[in-house]
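The values are calculated or read from the model by the stated rules, or taken from the named source; none is laboratory data. Because the structure is a prediction, the values reported are computed rather than measured. Positions of Cβ are generated from backbone atoms using ideal geometry, with glycine treated the same way; all protein chains shown enter the neighbour counts. In case anyone asks, the SASA skips ligands and DNA or RNA and just uses the protein heavy atoms, side chains included. Shrake-Rupley method; radii C 1.70, N 1.55, O 1.52, S 1.80 Å.
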Amino acid sequence: MSDIQSKMASLGQAAITNAKIYKHLMPLLIIVYIISFIDRTNIGIARASMSIDLGLSATAYGLGAGLFFLTYSTMEIPSNLMMARVGARFWITRIMITWGLISAGMAFVTGPTSFYIMRLLLGAAEAGLYPGIILYLTYWFGREERARAVGMFLLGVCIANIVGAPLGGALLMLDGVAGLHGWQWMFIVEGIPAIILAFYVYAVLPDRPRDAKWLTPADVEYIENKLASEQPVGVDRNQKFSFKTAFTNKTFLLIIAIYFTHQISVYSLTYFLPSIIRGYGAMSTLTLGLLTAIPWIAAAIGGFFLPKYANTAKRSQVMLVSGFMSMAIGFVIGALGGPVLGLIGFCIGASMFFVVQSIIFTYPATLMSGNMLAGGLGLLACLGITGGFVGPYVFGLLEDKTGSPSAGLWFAVVMLIFATIGAAIVKQPPSMKEIQAAKDAEK
């Protein structure tokens, strides 16, 4: 078989295999993430009524929103290492059951202290889900396809906000039914699906390609050969996790810093966008939910269509830089514009949220392997997602000091400018496959 015929056969096998993975795995993983994101962020739509009933100031609300990420980040690394040991099926099931129970339990908080405690517990329960699934995707997809797969998975965040905001607004209208507040009904109703779905995940999710009954031996062989050819140069595939190795890798540290600024922006907008929109004028909770969903529709469109173009190191960097720049410009427009222009600005910024995030999480697999990759993804999520604590807390402080829920947007803009500079510096190292292709081109 000639080189051209061999390449064509490989492309055909790639298309067949990837189509099966997208069909059998991605819908389930997306649904899991939709439910998890609704359960971690639904306090945004419930903020007004909860604050009145529980006596929460803007600072207290921002602190409670952010406390989730302290325990979430602390448990990321051990959770990811545990998943690598016991398998994705068991560990994701465990995560879903515990977070579903605690999310529903949020209905019974009675004041700031219990609010803080439950947010801390929810963070610990859900820890490891996102980096665990990102690690899981590295078992199935090669480098060229991985950004697209991560981008598709992150559609769960967009769908969660598109569906979750109107759903939360509708559930808030149950206020007084059976003696419960509307926000209590929201937590109960939105927590139950995670527990139910967990049992289905345990029944059908394969730990590795060889465990998938819907893949043929040829599919499995293609996946294993593809991943072997993309092994990071000079990195042992059985590499053990080491903090020293992680913290002496300058590229990895820069990726963490970039992700930190990204999370400040995403979660600040997630938790404070309803308040910003409420400032546009009087409206029902359902209308508020529908308007809040609009920027997340833009995020879904960007996350679905753009990451597939980040299939080389150079393209990834260009898209990373332009993505952060677009987010900064969008937030400036959102801060300065009124109801219509402001929403357009938030749509511009949000459209790049998960394009950027999908690219960020392709970098560790070009630097690490084995348990080091599992721990490295956990460490990236662990330190980066603390931006989810810093952002809402700073937004709350600035709102209390200025009286404007949009005051914190300028803080996010400054962080995004730093991220744009960092993205212009960070570079992916070439894989063995790319090095060989370069050598072949020189012949």
- Note on the structure: Residues other than residue 427 with Cβ under 12 Å of its Cβ, Lys/Arg counted +1 and Asp/Glu -1, net out at +2
- Report, to the nearest 10°, how far helix 43-54 tilts away from the longest principal axis of the Cα atoms in the chain, using its own Cα long axis and a range of 0 to 90°. 30
- Local electrostatic count, residue 375, Cβ distance below 13 Å [Lys/Arg +1, Asp/Glu -1]: +2
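Heavy atoms only, 1.4 Å probe, whole protein assembly: order 254, 205 by accessible area, highest first. Display every interim value, and only then the final one.
On the way: 254 50, 205 10 Å².
Largest accessible area first, the residues go 254, 205.
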- Message: Taking R0 as 45 Å, what FRET efficiency do you get between residue 228 and residue 117 from their Cβ-Cβ distance, rounded to the nearest 0.05?
- Response: 0.45
- Item | Net length gained if the chain between residue 312 and residue 208 were fully extended (0.36 nm per residue, minus Cα distance) | 34.9 nm
- Query: For the chain, which whole percent of the accessible surface, found with a 1.4 angstrom probe, sits on carbon and sulfur atoms?
  - Reply: 68
- Residue-normalised accessible area of the chain, given per residue in Å² at a 1.4 Å probe: 40
- Enter the accessible area of residue 221 (Å², nearest 10), with the probe set to 1.4 Å and all protein chains included. 110
- Distance from a point 7 Å along Cα→Cβ of residue 28 to each backbone N in segment 125-158: keep the residues under 12 Å and list them by number. none
- Task: Take peptides 297-310, 367-380 and line them up by average Cβ neighbours within 10 Å, highest first, as a rough protection proxy.
- Result: 367-380, 297-310
- Expressed in angstrom, Rg and Dmax over the Cα atoms of segment 319-378 are 15.8, 50
- Query: With every protein chain in place, what's the accessible area of residue 347 (1.4 Å probe, Å², nearest 10)?
  - Reply: 30
- If you stretched the chain out fully between residue 254 and residue 424, how much longer would it get, using 0.36 nm times the residue separation minus the C-alpha to C-alpha distance? 60.1 nm
- Message: Run the helix sum for the chain: -39,500 (n - 2.57) per DSSP H stretch of 4+ residues, divided by residue count, reported at 222 nm to the nearest 500 deg cm²/dmol.
- Response: -25500 deg cm²/dmol
- Treating the angle as unsigned and between 0 and 90°, give the value, to the nearest 10°, between the Cα long axis of helix 370-384 and the longest Cα principal axis of the chain. 30
- Rounded to the nearest 10 degrees, what's the angle between the helix 26-41 long axis and the longest principal axis of the chain, both from Cα atoms, 0 to 90? 30
- Query: For labels at residue 196 and residue 19 in the simple 7 Å Cα→Cβ model, what's the distance in nm?
  - Reply: 3.3
